[in-house]
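What follows is one structure encoded as structure tokens, with my remarks underneath.
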Amino acid sequence: MAPLTDGPTVAELLDIWQEALTTVADLAESLTPEEWTLQTPCPGWTVSDVVAHVIDIEQLFGGEDRPDHEPDWATLTHVSGDFSRMTEVGVDVRRGRTPEALVGELRDTIARRRAQLDALPEGAEVLGVSGRPTTLDRFLRTRTFDTWVHEQDIRWATNHDGGWNTAPAGISFSQMMRALPVVWSANVEAPVGAVLQLTVIGPDMHHVSLVTVGEDGRGVAAPEGTRPNLEADMTWAAYMRLSAGRVAVDDPWLSDKLEMMGDAELGKRLLPGLAITP
């Protein structure tokens, strides 16, 4: 994969965002009824629940009315915190709906949202994930990343591997790369001057990044040739699942998908520190 790090235009980002959503709809439509009931890496959510969430979150950002629904919270033991409760409402209200109904609602939602975003004037700001106004460029990158991760949730649950070499995957990888200096300085709490060399491998990708911590404590890119304190090599799938918080750091699945050399304590802190999603 050639990650999209060279700055696609807003028009291109709109197409990529729509591609991410349409891929979820197409993938969901291809599944058997049994596959819709399988558990995903999202705690408490089946494939059907993930599709419901993708619908709900796009409607939320589109300013559509929130469902008038109160879940039976006592039965939803995976829910914790205000954000989790908010997202659960839109999922729970759709439980019991047929796959056909959910795919239809998702496709209708995509069409409404695309028309809404196309109508925005150049340079307009939108409500961001943080609840504050943000640029459309930043919003589309964030939403593409979130949607592509949910595509991977569905693929993981149903054993339909794929989607690693697409435009949404490229935007998602770029989002992870943008976060890496903060991961190293803030999440890992690497000391000033410490250098991480992260290598992400395949399919169709071999990407090496060097980051360090400046005197001000902020993470920054390190010059090529800088000697790393920690070298971390991992597969694209492992990097994605760790960055999205979809796999425990002691999961046996990771055992043959990453290798670390150098400072053992920094390495121990790196794996949980890679998680950048709520």
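Throughout, read-outs are computed from the coordinates displayed, never taken from laboratory work. This one's a predicted model, so the numbers in the text were calculated from it and none came from an experiment. Every residue, glycine among them, receives a Cβ derived from its backbone with ideal geometry; neighbour counts consider all protein chains shown.
Projected label points at V192 and A115, each 7 Å from Cα along the beta carbon direction, are separated by 5.7 nanometres. Screening the chain for whole DSSP H helices of 18 Å or more along their axis (Cα) with average Kyte-Doolittle hydropathy at least 0.0 returns 10-29, 47-61, 167-182. Between the stretch 19-80 and the stretch 238-263, the C-alpha centres lie 26 angstrom from each other. Residues of the stretch 35-52 with an amide N closer than 17 Å to a point placed 7 Å from the Cα of W73 along the Cα-to-Cβ direction: none. With helices as the sole contributors, the chain gives -15000 deg cm²/dmol at 222 nm; each DSSP H run of n ≥ 4 counts as -39500 (n - 2.57), and the sum is divided by every residue.
Could you calculate the FRET efficiency of D108 with E215 from 1/(1 + (r/R0)^6), where r is the beta carbon distance between them and R0 is 41 Å, rounded to 0.05? With R0 = 41 Å, the Cβ-Cβ based efficiency is 0.20. Expressed in Å, the radius of gyration and Dmax of the Cα atoms of the stretch 10-163 are 15.3, 46. Which stretch or stretches of the stretch 168-196 have amide N atoms under 13 Å from the point lying 7 Å from T22's Cα along the Cα→Cβ direction? Residues passing the 13 Å test: 168.
Taking each residue as 0.36 nm, the span from R227 to S255 lengthens on full extension beyond its C-alpha to C-alpha distance by 7.5 nm.
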